[in-house]
Amino acid sequence: MAAAVTIGEASVPHLPRGVRLKFDKPRDQWVLLAPERMFVLDDIALEIVKCCDGKASVAAIADDLSARFEAPRDTVAKDVIILLQDFADKGVVAA
Amino acid sequence: MNAASPHIDPPLAMLAELTYRCPLRCPYCSNPLEMTAASGDMDTGQWLGVIEEAADMGVLQIHFSGGEPTVRQDLEDMVGRAEVLGIYTNLITSGVLIDQARLEGLADRGLQHIQLSFQGTEEAGADRIGGFRGGHRKKLETARLAGEIGLPLTINAVMHRQNMDDLESMIQMAVDFGAKRLEVAHVQYYGWGLRNRAALVPTREQLEHATEIVEAARERLKGILVFDYVVPDYYARYPKSCMGGWGRQFLNVTPSGRVMPCHAAETIPDMTFDSVGERPLLDIWEQSEAFTRFRGTGWMPEPCRSCDRREIDWGGCRCQALALTGNAAATDPVCEKSPEHERIAALAAAEAAAGTDEFEYRRFGQGG
């Protein structure tokens, strides 16, 4: 049986097959399209999801976002893990 | 949203009912009681035109359904076109007509996801409910193939009084097949389901037990299996937000091209529906009588109009109001604020206790 994913600094997140990031032009928003569901992304969630390329670790993503947005790394890392864990539980992020 | 502000966003999703043909005869089928024969189905070119219009409007997801959509050999072309246009594609299927080559072909054209329905987990019982011998085995094979190909899979477990004991094994089956999502869908009472309600409606105790099982499994399988739980709202306090509100998020195109706010809307006797090809899809969505009649809150009677839940459940379900009161504009009688509420709950309980187990199976109205 498949095991549930626990997101940590070493995790390397990606969007699994069947999940797609798309700009929803008529409603002027970014969405994650998933099986029979969709999730509207706010600006922070969008930046995090864009980093889920299957190459960067959560640690690297936190470093990157912390530098780009001049925010404390600890806070950024915590937010990234919370968001990705939630998406992993919903089946729209894999790691 | 109200009558004074006519702007409406485009629909998020389109249900494309490619045909009403289906080898199964499920006694709760959502298709209408009177079905048009296959000769009334739109051709490939017409459907591709609908898909183009949907993409132009900003539809994000297309659910290919039926009937059984894989009856059509041009399904691959439709999936391919939708994917090229950037629309997320989902196949809602019984799975009994699909072999490996077909499933691989669909995946190659970009199909994102497959929703596979099951009537039970035990072969004889499942085949009896579906009215198609050998159907259950074929479904098991299709689920296995989806896993082999890596195509994301949702199992749709249609639950009612006669298969409620299969719920635990249904959950296990979904996990074993590597499905990422399980829809535990109690039968809804429209069309064939309404016709067979006395044979399908669960007791309140059965429903409560099923809800406990789902809640426990949801917690236990967090991160492994996502649950979507559809309850029979006859026993509920409030009605469901049917289709996310009439004409707000969703449109349905029938095999012959009629455009409807939901798959049961045809039961509303004085409502007229426009067809694709005769009027632009966007215009039908924004302006047509069928889509605007129950959109927003302006149409609502009391107690809905002043209810603080009016933009939560959007008045519940119009087809259910029609089926249970004879008036599509009435307060959905499953709501505890409806004067009919007690009568409906009592009706369900009485049918669950005394109803027959005999089904009237789905069939084509005109000998199809």
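Miscellaneous remarks
- Some residue of region B:51-58 being in contact (Cβ under 8 Å) with a residue 12 or more places away in the chain, open to solvent by 10 Å² or more (accessible area, probe 1.4 Å) and away from every other protein chain (no Cβ under 12 Å): yes
- Residue among B:GLY277, B:GLY244, B:GLY257 that is within 14 Å of chain A (Cβ to nearest Cβ) and on the phi > 0 side of the Ramachandran plot: B:GLY244
- Exclusive hit being open to solvent by 40 Å² or more (accessible area, probe 1.4 Å), over 30 Å from B:VAL59 (Cα atoms) and of a type in the set (Gly, Ala, Ser), set A:ALA62, A:ALA67: A:ALA67
- Subset of region B:232-251 (residues that are at pLDDT below 95 and open to solvent by 60 Å² or more (accessible area, probe 1.4 Å)): B:ARG237, B:TYR238
- Of everything in region A:2-24 that is touching a Lys or Arg at 6+ places or on another chain (Cβ under 9 Å) and at the interface with chain B (Cβ under 7 Å from one of its Cβ atoms), the residue that is modelled with the lowest pLDDT is A:ALA2.
- Residues (under 17 Å from the mean Cα position of the chain (by Cα) and either surrounded by fewer than 23 Cβ atoms within 10 Å (Cβ to Cβ) or polar (S, T, N, Q) (or both)) located in region B:261-274: B:CYS262, B:HIS263, B:GLU266, B:THR267
- Verdict on B:ASP74 being without any contact (Cβ under 8 Å) to a residue 60 or more places away in the chain and either within 12 Å of another protein chain (Cβ to nearest Cβ) or among the charged types (D, E, K, R) (or both): yes
- Residue list for region B:187-225, filter: open to solvent by 30 Å² or more (accessible area, probe 1.4 Å) and within 14 Å of chain A (Cβ to nearest Cβ): B:ARG218, B:GLU219, B:ARG220, B:LYS222
- Residue within region B:169-185 that is under 18 Å from the mean Cα position of the chain (by Cα), within 14 Å of another protein chain (Cβ to nearest Cβ) and touching a residue at least 60 places away in the same chain (Cβ under 8 Å) present: yes
- Test for B:LEU145: is it closer than 23 Å to B:TYR88 by Cβ, within 11 Å of chain A (Cβ to nearest Cβ), at pLDDT 95 or above and open to solvent by less than 40 Å² (accessible area, probe 1.4 Å): no
- Qualifying position, being among the small types (Gly, Ala, Ser), at negative phi and surrounded by 20 or more Cβ atoms within 10 Å (Cβ to Cβ), among B:ALA352, B:ALA345, B:ALA329: B:ALA352
- Some residue of region A:41-51 being within 23 Å of B:GLU83 (Cα to Cα), open to solvent by 40 Å² or more (accessible area, probe 1.4 Å) and within 14 Å of chain B (Cβ to nearest Cβ): no
- One residue stands out among those in region B:86-102 that are among the aliphatic types (A, V, I, L, M) and more than 14 Å from every other protein chain (Cβ to nearest Cβ): the one that is farthest from A:ARG37 (Cα to Cα), which is B:ALA101.
- When region B:64-95 is filtered for residues that are closer than 19 Å to B:GLY150 by Cα and surrounded by fewer than 23 Cβ atoms within 10 Å (Cβ to Cβ), the ones remaining, listed by number, are B:GLU76, B:GLY80, B:GLU83, B:ILE92.
- Per the listing B:PRO303, B:PRO333, the residue uniquely farther than 23 Å from B:VAL187 by Cβ and either part of a helix (DSSP H, G or I) or not hydroxyl-bearing (Ser, Thr, Tyr) (or both) is B:PRO303.
- For region B:277-290, the count of residues that are in contact with a Pro (Cβ under 9 Å, 6 or more places away or on another chain), of a type outside the set (D, E, K, R), touching a residue at least 12 places away in the same chain (Cβ under 8 Å) and crowded, with 16+ Cβ neighbours inside 10 Å is at least one.
- Those residues of region B:118-136 which are within 23 Å of the chain's Cα centre (by Cα), of a type outside the set (A, V, I, L, M, F, W, C) and open to solvent by 20 Å² or more (accessible area, probe 1.4 Å), in sequence order: B:THR121, B:GLY125, B:ASP127, B:ARG128
- Search result, residues across region A:25-40 that are open to solvent by 50 Å² or more (accessible area, probe 1.4 Å), more than 7 Å from every other protein chain (Cβ to nearest Cβ) and within 26 Å of B:THR93 (Cβ to Cβ): A:ARG37
The values are calculated or read from the model by the stated rules, or taken from the named source; none is laboratory data. None of the values given here were measured: they were computed from a predicted structure. Here Cβ is always computed from backbone atoms with ideal geometry, including for glycine, and neighbour counts include all displayed protein chains. For the accessible areas, the whole protein counts, side chains as well, though only heavy atoms, and no ligand, DNA or RNA atoms are used. Shrake-Rupley method; radii C 1.70, N 1.55, O 1.52, S 1.80 Å.
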